[in-house]
Amino acid sequence: MRDERSLHRWVLRRETHSSRTGAAVAVASVLAVVMVAVAGVGAWWFAAPGSRDAIGGWLGTASSVTGDRVALTTAGVVALVLALVLVALAVLPGRLPRRARSADRLAVLVDDGVLADAVADAVAARCGVDPRQVSATVGRRRTTVRVTPTSGVPVDHAAATEAAADAVAAVGFTTTARLTVAPQGVVS
């Protein structure tokens with residue numbers, strides 16, 4: 001039975017987190033190229049006696065560049081931001097918009113879009129409005145529901161919020177429901 005639980009955890013983790021392989025490969029490739037270049041310059045420095053003067057000349061030319069300092073600074077900042085984004089993508093876990101639950105012999109994976117549709121349907125049924133007038137978005141901790149009421153028919157905020165919370169809880173998850181009612185109704 002323990003093997004089933006560990007298998008469920010592994011599958012659910014795999015399905016709720018995106019692969020970071022692309023970003024990790026990009027960062028590793030850039031680092032490998034930089035390391036090979038540094039090793040090549042270092043080998044050339046020690047192997048060829050005249051190379052010290054050539055490398056010193058290059059460094060002197062590079063440091064005395066009197067070009068546009070704003071463009072060089074901007075290019076450096078852009079390169080730094082790109083490097084930080086790539087490293088963050090490679091290291092941080094990417095969460096997919098899915099929720100997972102497991103029991104002894106069962107593992108359930110629910111897409112947030114499907115959960116949002118269930119919430120919208122429950123709110124529409126409880127408020128007595130057309131399902132096309134209700135939209136919902138399920139986030140990590142919050143469910144946002146937007147209701148466009150029928151003109152002249154008020155929407156019960158408490159009942160709609162309770163319906164949203166009940167729809168999420170029926171599947172076994174918890175979020176805080178936030179209800180927004182449009183100030184202008186529609187004619188149906």
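Remarks
- Test: residue in the range 54-67 that is outside any helix (DSSP H, G or I), modelled with pLDDT of 75 or more and aliphatic (A, V, I, L, M): no
- In the range 12-33, the residues that are within 29 Å of A107 (Cα to Cα) and out of contact with any Leu (no Cβ under 7 Å at 6 or more places or on another chain): R13, R14, S19, T21, G22
- Check on A136, under 23 Å from T180 (Cα atoms) and outside any strand (DSSP E or B): no
- Considering V25, V38, the condition of being part of a helix (DSSP H, G or I), assigned by TED's automatic domain parsing to the domain that holds L82, at pLDDT 85 or above and among the β-branched types (V, I, T) is satisfied by V38 alone.
Matching residues to (1) surrounded by fewer than 13 Cβ atoms within 10 Å (Cβ to Cβ); (2) in the same structural domain as A177 (by TED's automatic domain parsing); (3) out of contact with any helix residue (DSSP H, G or I) (no Cβ under 6 Å at 6 or more places or on another chain); (4) modelled with pLDDT under 75:
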site: A79; (1), (2), (3), (4): yes, no, yes, no
site: A83; (1), (2), (3), (4): yes, no, yes, no
site: A103; (1), (2), (3), (4): yes, yes, yes, yes
site: D111; (1), (2), (3), (4): no, yes, yes, no
site: L115; (1), (2), (3), (4): no, yes, yes, no
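- Residues in the range 156-175 that are exposed (fewer than 14 other Cβ atoms within 10 Å of the Cβ) and under 14 Å from L115 (Cβ atoms): A169, A170, G172, T174.
- Residue count for the range 2-30, restricted to those that are more than 16 Å from L96 (Cα to Cα) and exposed (fewer than 11 other Cβ atoms within 10 Å of the Cβ): 4
- Only one of the numbered conditions (1) surrounded by 14 or more Cβ atoms within 10 Å (Cβ to Cβ); (2) assigned to a strand (DSSP E or B) is violated by V123, and that is (2).
The values are calculated or read from the model by the stated rules, or taken from the named source; none is laboratory data. Remember, predicted model here, so these are calculated numbers, not experimental data. Don't worry about glycine lacking a Cβ; one is built from the backbone with ideal geometry, like all the others, and counts go over all protein chains shown.
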